[in-house]
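Reading through the C-alpha cells given below for one structure.
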Amino acid sequence: MRTLLIGVDSGTQSTKALVVDAKNGKVLGSASEAYDLIPDLPPGAKEQHPETWRQATAKAIKKALKQAGAKSAEVKAIGVSGQQHGFVPLDAKGEVIRPAKLWCDTATSDECDEIMEQVGGFKATVRQIGNAVLPGFTAPKILWLKKREPKNYARLASVLLPHDYLNFWLTGEKVMEFGDASGTALLDVRKRKWSRALLDAIDPELEGKLPPLISSDRPAGTLQASTAKELGLGTDVVVSAGGGDNMMGAIGTGNTSPGVITASFGTSGTIYACAGKPVIDPKGEIAAFCDSTNQWLPLLCTMNVTVATEMVRNDFKLDHAKFNSVAASAPAGCDGLLLLPYLEGERTPNVPAGTGVFFGVTTKTFTAEHFARAAMEGVTLGMNYGLRRLRELGVEPTQIRATGGGAKSKLWRQIMADVFNAEVVTLKVSEGAAYGAALQALWCWRNEQGEKIGIQEITEKFVTLNQAETSRPIAKNVALYAELQELQNELSIKMRDMFVRHRELVTKERK
C-alpha cells in the first residue's frame, strides 16, 4: 500500500491540489478549480466568498485523488497553502460574517495610517513588529470592518486567514501558524508573539478573537467527520499547520536554508529568501516574515504580474503560445516602451492608489509585439526594484528559482535572468506552493509518527531542478535593463501625486 500526501494551494484565481507519493516525492495526481473575485466593487476593493475556496478545494482534492487512483487508507496527511493576508471574519457559531477582503485589496490606506499613528508612527511600528502596516496586510482590514461595518464587527468572534479557514473546515480547529500570522501586521516577528501595541491600536479585546499560535511542524488537527465524509477519506488523516502561499512556495522550491532565493511569477510577484534570523528593513519595503519551517522569510511582493500579461494577451486575443511568440518578436527593451505595472495599486513600492502606465507609446511601439514584451519586462523590472532592496539588506542571490505561471515561458525566464542579473532555474514540480504544502504535511506526519526529521532533509531529497530550463544573463541586455530600471523607478516617483488625484477622480465619478 502506498503512503500518499495531499498538497492544496488555494489562490486568488484558482485552487490546485496535488497527490504526492511520500516515498519518492512524485506527483501522482493533480487538479485545479478556477473562480473569480466578486465583481463591481468600489476602486481598490478586492473580495471573495470563503465558501468558494471550500467548494474548489473539495472538487480539486477529489479529482486529484481519482487521477492518482488513490484509496482512502493510503492518504496520511494534508497540507494547505493559502493566499496571504486575507481577512475571514467568523461569528460565534463559526459562520462567515461577510466576504473576505483579500491581499490585493488596497482600500484600507487610511486605516494603515491610523494604526501606525496610534503606535507612534512608521518607525515605531517597524520597531514593534518588524514590519510596517501596509494596505495588503490583515490588520487594517480588521480596523476597516470596525469603522465601516460596525454591526458586522460586533458579531466578530474569530479572525482567520484564508488557509486557516480551510484548516478549520478540514479539522474543526481554529489555529494560526507563525508564517502566515506574520503577514497580519499584528505579530512581533522577532518574538513570534502578538504585539500588544498593534492590538490596542485596533481593539484592546482583539487578542481574544485571534486563534492560538502553533509552530510550523505541528498539526492543525485531523479530518473532522463531516469533511472526511465529503472527501471520501478517513478521520485519522493529519492536517499540517499549513501556511501562506509564499511560505509553502519556499518549501516547494527547496528554499529552506539560507542562500536560495525564490521568485514567484503568478497573479502577484514575490521574491523571498530563507534566513536563520529576522531581516528587518527600516524602510519597511521588504516584509520581515516568519516562514513555515520555524525560520524567517524576508520577502518583497508586487501586486501585478500575470495580471498585466493576461490583460495584454486577452486584449490582443492571443493564446499563451502565440502571446510568447509575439512577445519574442520585439527587441529587448521594446524600443523604449515601458510599463509601470501598478494596475491594482502596488505594495513594493507602497503605491496603493497606483494604476498602470504605458510610457513611450509611439507609432513604432504601438504594436502587439511591443505591448506583449513590455508587459513581461515591466513587471519583472517592478520585482527587481524590491530585489535591489533585498541586496542592500545583505541578501545576495547567486541563483533564483522561478515558479508560477510566468516561469513556464522560456522568453520570460531569459528576461528574468537579464533583469535580475542572476542565473534563473525552474523546478521539476512547477506548482511550488501546493508541492510545498504536501512536503510540510509529510514533515508533520513523520514527526507525529515519532521520527525526528528536519524539513531540509525532506526538501533536499525531493525538490529537484529542471536543468534544461536554466537561463543565464546576457551582458548587453543586463546593461539595457539597468537603464530601463532607473527610468521606471523615476517614473514611479513622479507619478505618485497624480495617482492619488486620479483615484479621487475615479471614485467621484462612481458616486
Exercise. Residues in the range 169-183: is at least one in a helix (DSSP H, G or I) and touching a Lys or Arg at 6+ places or on another chain (Cβ under 6 Å)?
Worked result: yes
Exercise. Which condition does A438 not pass, out of (1) under 19 Å from D245 (Cα atoms); (2) outside any helix (DSSP H, G or I); (3) of a type in the set (G, A, S), if it passes all the others?
Worked result: (2)
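Identify all residues within the range 199-216 that are farther than 17 Å from L161 by Cα and hydrophobic (A, V, I, L, M, F, W, C); write none if there are none.
Here is the first cut: in the range 199-216, the residues farther than 17 Å from L161 by Cα are 200-205.
Selection gives A201, I202.
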Seminar exercise, completed: Across (1) in contact with a Lys or Arg (Cβ under 8 Å, 6 or more places away or on another chain); (2) over 30 Å from L427 (Cβ atoms); (3) not charged (D, E, K, R), Q118 clears everything bar (1)
Problem set entry | Qualifying positions in the range 104-130 - among the aliphatic types (A, V, I, L, M) and surrounded by fewer than 17 Cβ atoms within 10 Å (Cβ to Cβ) | A124
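Within the range 442-498, restricting attention to residues that are hydroxyl-bearing (S, T, Y) and part of a strand (DSSP E or B), which residue is nearest to G252 (Cα to Cα)? Steps first, answer last, please.
Within the range 442-498, the first condition is being hydroxyl-bearing (S, T, Y), and the residues that meet it are 459, 464, 470-471, 481, 492.
Imposing the further condition that a residue be part of a strand (DSSP E or B) reduces the set to 470-471.
Working: T470: 18, S471: 20 Å.
In this case the residue turns out to be T470.
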Exercise. (1) open to solvent by less than 10 Å² (accessible area, probe 1.4 Å); (2) on the phi > 0 side of the Ramachandran plot; (3) in contact with a Gly (Cβ under 8 Å, 6 or more places away or on another chain): which one isn't true of G172, the others all being true?
Worked result: (1)
Problem set entry | Residue that is most open to solvent (accessible area, probe 1.4 Å), among those in the range 425-448 that are out of contact with any Phe, Trp or Tyr (no Cβ under 9 Å at 6 or more places or on another chain) and of a type in the set (F, W, Y) | W445
Exercise. Does the range 454-461 contain at least one residue that is among the hydrophobic types (A, V, I, L, M, F, W, C), touching a residue at least 60 places away in the same chain (Cβ under 8 Å), over 19 Å from A263 (Cα atoms) and open to solvent by 40 Å² or more (accessible area, probe 1.4 Å)?
Worked result: no
Exercise. Looking at T125, T106, which one is more than 20 Å from K209 (Cβ to Cβ) and assigned to a helix (DSSP H, G or I)?
Worked result: T125
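Of a type outside the set (S, T, N, Q), more than 30 Å from G354 (Cβ to Cβ) and outside any loop (DSSP other than H, G, I, E, B): is that true of K16 in this structure? Even if it seems obvious, please write down each step before you answer.
Numbers: of a type outside the set (S, T, N, Q): yes; more than 30 Å from G354 (Cβ to Cβ): no; outside any loop (DSSP other than H, G, I, E, B): yes.
Considered against the rule, which asks whether it is of a type outside the set (S, T, N, Q), more than 30 Å from G354 (Cβ to Cβ) and outside any loop (DSSP other than H, G, I, E, B), K16 comes out as no.
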Seminar exercise, completed: Those residues of the range 322-368 which are among the small types (G, A, S), part of a helix (DSSP H, G or I) and either under 23 Å from Y385 (Cβ atoms) or open to solvent by less than 20 Å² (accessible area, probe 1.4 Å) (or both) amount to A327, G336
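Of T367, T355, which residue is closer than 21 Å to E490 by Cβ, of a type in the set (V, I, T) and at pLDDT 95 or above? Write out each step before concluding.
Details: T367 fails: closer than 21 Å to E490 by Cβ.
One residue alone meets the criteria, T355.
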Exercise. What tally of residues in the range 51-102 results from selecting those that are farther than 21 Å from A17 by Cβ and outside any strand (DSSP E or B)?
Worked result: 9
Seminar exercise, completed: Turns out the strands (runs of 3 or more DSSP E) fully within the range 190-270 with at least 3 residues that are in contact with a Lys or Arg (Cβ under 6 Å, 6 or more places away or on another chain) and surrounded by 24 or more Cβ atoms within 10 Å (Cβ to Cβ) are none
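Being under 24 Å from the mean Cα position of the chain (by Cα), in a helix (DSSP H, G or I) and touching a residue at least 24 places away in the same chain (Cβ under 8 Å), is that true of even one residue in the range 145-157?
Our first condition is that a residue be under 24 Å from the mean Cα position of the chain (by Cα); within the range 145-157, this holds for 145.
Adding the requirement that they be in a helix (DSSP H, G or I) leaves 145.
Okay, now just the ones that are also touching a residue at least 24 places away in the same chain (Cβ under 8 Å), so 145.
Yes, the range 145-157 contains at least one residue that is under 24 Å from the mean Cα position of the chain (by Cα), in a helix (DSSP H, G or I) and touching a residue at least 24 places away in the same chain (Cβ under 8 Å).
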For this session: Kindly indicate which of L387, L411, L381 is in a helix (DSSP H, G or I) and surrounded by fewer than 21 Cβ atoms within 10 Å (Cβ to Cβ).
Result: L411
Exercise. For the range 402-420, how many residues meet the condition of being closer than 14 Å to I261 by Cα and at pLDDT 95 or above?
Worked result: 3
Exercise. Picking from E469, E451, which residue would you name as being over 30 Å from L480 (Cβ atoms) and either over 20 Å from the mean Cα position of the chain (by Cα) or buried (at least 24 other Cβ atoms within 10 Å of the Cβ) (or both)?
Worked result: E451
Problem set entry | In the range 131-161, the residues that are touching a Leu at 6+ places or on another chain (Cβ under 9 Å), farther than 30 Å from L223 by Cβ and open to solvent by less than 10 Å² (accessible area, probe 1.4 Å) | N131, V133, G136, F137, A139, P140, L145
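Identify the residue in the range 83-103 that is open to solvent by 10 Å² or more (accessible area, probe 1.4 Å) and under 23 Å from the mean Cα position of the chain (by Cα) and, among all such residues, is nearest to T52 (Cα to Cα). Before you say what the answer is, go through the steps one by one.
Filtering the range 83-103 for residues open to solvent by 10 Å² or more (accessible area, probe 1.4 Å) gives 91-99, 103.
Okay, now just the ones that are also under 23 Å from the mean Cα position of the chain (by Cα), so 96, 98-99, 103.
On the way: V96: 12, R98: 13, P99: 10, W103: 16 Å.
So, considering only residues that are open to solvent by 10 Å² or more (accessible area, probe 1.4 Å) and under 23 Å from the mean Cα position of the chain (by Cα), the one nearest to T52 (Cα to Cα) is P99.
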For this session: Give the range 409-430 a look and list any residue that's over 22 Å from the mean Cα position of the chain (by Cα), within 24 Å of D319 (Cβ to Cβ) and not hydrophobic (A, V, I, L, M, F, W, C), or say none.
Result: K410, Q414
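On the basis of being among the charged types (D, E, K, R), within 20 Å of D91 (Cα to Cα), part of a helix (DSSP H, G or I) and open to solvent by less than 10 Å² (accessible area, probe 1.4 Å), does D164 make the cut?
Details: among the charged types (D, E, K, R): yes; within 20 Å of D91 (Cα to Cα): yes; part of a helix (DSSP H, G or I): yes; open to solvent by less than 10 Å² (accessible area, probe 1.4 Å): yes.
Against the criterion (among the charged types (D, E, K, R), within 20 Å of D91 (Cα to Cα), part of a helix (DSSP H, G or I) and open to solvent by less than 10 Å² (accessible area, probe 1.4 Å)), D164 qualifies.
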For this session: Mind counting the residues in the range 1-23 that are at pLDDT 95 or above and open to solvent by 70 Å² or more (accessible area, probe 1.4 Å)?
Result: 2
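The values are calculated or read from the model by the stated rules, or taken from the named source; none is laboratory data. For clarity, every value in this text was computed on a predicted model and none was experimentally measured. Note that we place each Cβ from the backbone using ideal geometry, even for glycine, and neighbour counts take in every protein chain shown. When the accessible area is computed, the model is the full protein with side chains, heavy atoms only, and any ligands, DNA or RNA have been set aside. Shrake-Rupley method; radii C 1.70, N 1.55, O 1.52, S 1.80 Å.
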